[in-house]
1. Dipole size in debye (nearest 20) for the range A:2-114 around its Cα centre, Lys and Arg Cβ +1, Asp and Glu Cβ -1?
2. Under a Cβ-Cβ cut-off of 9 Å, what is the net charge of the residues other than residue A:26 that fall near it, where Lys and Arg count +1 and Asp and Glu count -1?
3. Please work out the C-alpha center-to-center distance from the range A:118-138 to the range B:51-105 and express it in whole Å.
4. Show me the ranking of peptides A:59-67, A:117-125 by mean Cβ neighbours inside 10 Å, starting with the highest.
5. If I stretch the segment between residue B:1 and residue B:328 completely, what's the gain in nm (0.36 nm per residue apart, minus their alpha carbon distance), one decimal?
6. With both partners inside the protein assembly as shown, how many of the DSSP beta bridges are antiparallel, as a percent to the nearest 5?
7. Once amide H atoms are placed 1.01 Å from N in the peptide plane, what residues at a sequence separation of 5 or more from residue B:91, or on another chain, have their amide H within under 5 Å of its amide H?
8. Report, as an integer, the average count of C-beta atoms from other chains found within 10 Å of each Cβ along A:77-87.
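Bear in mind these aren't lab numbers, they're just calculated from the coordinates by the rules spelled out. Because the structure is predicted, anything quoted here is derived from the model rather than measured. We place every Cβ from the backbone using ideal geometry, glycine too, and count neighbours over all the protein chains shown.
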Amino acid sequence: MDTLQAPEIAAIRRIVAEHQGRPGPLLEVLHAIQAALGFIPAGAVPVVAQQLNISRAEVHGVITFYHYFRRSRPGAHIVSLCQAEACQSMGAAALAAHARERLGIDFHETTADGRFSLDPIYCLGNCACSPAALIDGRLYGRVTPERFDALIAENSTSS
Amino acid sequence: MTTTVYIPGDAGALSIGAGAVAQAITAEAQRRGARIALVRNGSRGAYWLEPLVEVVTSGGRQAYGPVTPAEVPALFAADFLNGGAHPLALGLTESLPWLKGQQRLTFERVGVIDPVSVADYVKHGGYQGLKRALSMAPGDIVQAITASGLRGRGGAAFPTGIKWQTVLEQTAAQKYITCNADEGDSGTFADRMLMEGDPLELIEGMTIAGLAVGATQGYIYLRAEYPHAHAALQAAIAAANAAGYLGADVAGAGKRFDVEVRLGAGAYICGEETSMLESLEGRRGEVRVRPPLPAVKGLFGQPTVVNNVVTLASVPWILAHGAQAYAQFGMGKSRGTLPIQLAGNIRRGGLVERAFGLTLRELLYDYGGGSATGKPIRAVQVGGPLGAYIPAAQFDTALDYEALAGIGAMLGHGGIVVFDDTVDMARMARYAMEFCAIESCGKCTPCRIGSTRGMEVIDRILAGVDGERNVRLLEELCETMVHGSLCGLGGMAPFPVQSALKYFREDFRARVG
């Protein structure tokens with residue numbers, strides 16, 4: 001899977017070229033690749049390394065250090081549930097259990113139909129409206145199991 | 001006549017429906033032919049009233065909240081555009097009891113102005129501090145910050161003036177101002193609110209810091225979890241550049257200062273200053289050994305100021321009103337004000353900016369109104385996931401750096417997470433170890449491996465296996481982590497565990513048998 005096609009390699013080369021002149025560009029490059037492709041395919045590593053004149057190990061090391069960077073294609077919708085203390089005090093653990101059951105997957109997994117990925121996240125800065133969730137970059141507060149189901153239903157019809 | 005209506009664009013307000021309310025009000029106004037000018041302000045920080053809608057009337061800004069889209073037609077019918085009576089009417093915003101007693105210096109414009117309008121910012125006192133700074137020698141700016149008593153609001157509480165003085169004294173071709181906006185502590189959202197509600201204040205603070213130490217480039221290291229703050233900062237930087245407050249000729253004074261936002265990628269450790277610098281350089285966020293201090297050898301090996309968002313955003317007020325005016329607030333060695341964040345299981349959660357010295361009890365009950373669930377508050381965690389759990393018996397402690405240190409706790413970034421009496425403190429202790437295991441950068445063995453061993457030991461206690469012996473083992477492990485880690489993650493992750501063992505031992509003992 002995920003062998004890079006020529007247009008993808010060209011896109012990655014363009015992204016690296018855009019950021020190349022800036023100081024300390026690697027994180028910026030990886031963010032841009034993930035924004036364009038949805039994740040950072042393994043085939044991107046040697047392309048980035050060669051063009052930035054750093055080792056593949058260095059690129060791989062950075063990708064794997066940060067939770068935000070993905071090495072496989074995520075579902076059409078990314079659902080992140082805050083698991084930090086403030087949200088725990090308002091039932092985040094029960095909400096997470098509900099979400100796992102509703103979607104039929106555990107954290108860090110994607111549904112078989114490729115529609116949803118479920119991730120834990122550690123603080124969304126919405127701690128006065130706990131528990132919080134982030135779905136495709138949209139923030140939700142005071143998320144009850146019922147509201148969670150409604151949000152999932154909303155996103156089940158659209159891609 | 002056009003009526004100005006404020007509906008927050010703050011992420012927290014949006015998370016509970018402010019976007020839908022804005023749409024409903026716009027549509028209803030159109031339907032009725034009412035002329036409104038909609039401003040998406042920051043949040044006033046009273047989150048239990050969000051979405052809080054404000055209407056500008058001849059008598060002042062009238063507040064309505066919490067508004068739902070379904071209530072919108074009734075609000076129009078009640079003539080809320082002229083401050084009409086309605087069950088959701090709260091009176092003048094500035095007279096809300098929750099806001100009235102606050103001492104908002106750093107947050108004076110948050111929720112008040114259009115966040116990305118330079119004109120609105122200047123109209124409300126913005127860029128007065130920069131104007132003053134431009135008439136001062138660099139050393140005098142640093143002196144003013146030192147005299148104000150400002151200490152790092154990110155958590156370490158290091159005197160800001162001393163840090164700046166060190167950078168000022170260095171000779172280098174390039175110096176940097178870096179803003180640590182990696183607000184990862186649970187229970188904290190002051191940085192987010194400020195960046196969304198008054199981003200120009202942060203930019204002005206960084207510009208003044210640049211003038212003070214001789215730096216021409218600023219970086220804001222922002223966490224990827226804050227997309228709304230990212231958009232606000234980008235818009236504010238563009239507006240400041242367009243208005244001539246950033247760039248080659250800051251405010252026509254012939255000095256250069258540029259600001260760029262760099263995104264983190266979901267690593268809690270990057271809120272530690274040396275790890276943040278590594279990340280800004282495009283590397284793994286592994287902690288550096290100090291010395292050398294970042295002030296001497298920081299970003300790209302150059303002298304670098306590393307300050308938190310609230311620290312830098314406090315600078316314009318200090319310059320505009322004078323160091324003494326700022327130092328008049330506070331107690332002991334904690335001068336000025338602190339934006340406190342009430343979070344978790346609390347009835348009235350949000351942001352309270354007050355001088356240091358308020359007690360936990362005043363905050364939890366007078367401002368917070370007790371727990372959200374109505375059950376007794378059993379514990380609070382102050383200062384994020386590395387902060388101690390504080391039992392109800394200590395709620396009379398004042399919020400002051402030294403007073404909290406005196407009871408083995410820490411103030412940190414001013415976040416208070418509230419738990420009611422259903423909390424299982426042994427589980428919270430396990431979570432502290434789990435979080436450390438997930439977020440450890442891996443450099444120091446006690447943190448990298450000790451945190452995982454800590455989870456296992458607590459699991460055995462929870463399973464009722466050899467309880468007494470495992471509790472002793474856990475206490476020893478905590479000691480090792482505290483003394484054997486380079487930075488605060490491994491060095492402080494045991495604090496919540498130790499405090500849980502100390503004050504809530506019964507939660508462990510239940511399993512001991």
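1. That gives a dipole near 260 debye.
2. Summing Lys and Arg as +1 and Asp and Glu as -1 gives -2.
3. 28
4. Sorting A:59-67, A:117-125 by mean packing, highest first, produces A:117-125, A:59-67.
5. Length gained, residue B:1 through residue B:328: 113.3 nm.
6. 55
7. Under 5 Å from the amide H of residue B:91 lie the amide H atoms of B:63, each far enough along the sequence or on another chain.
8. 6
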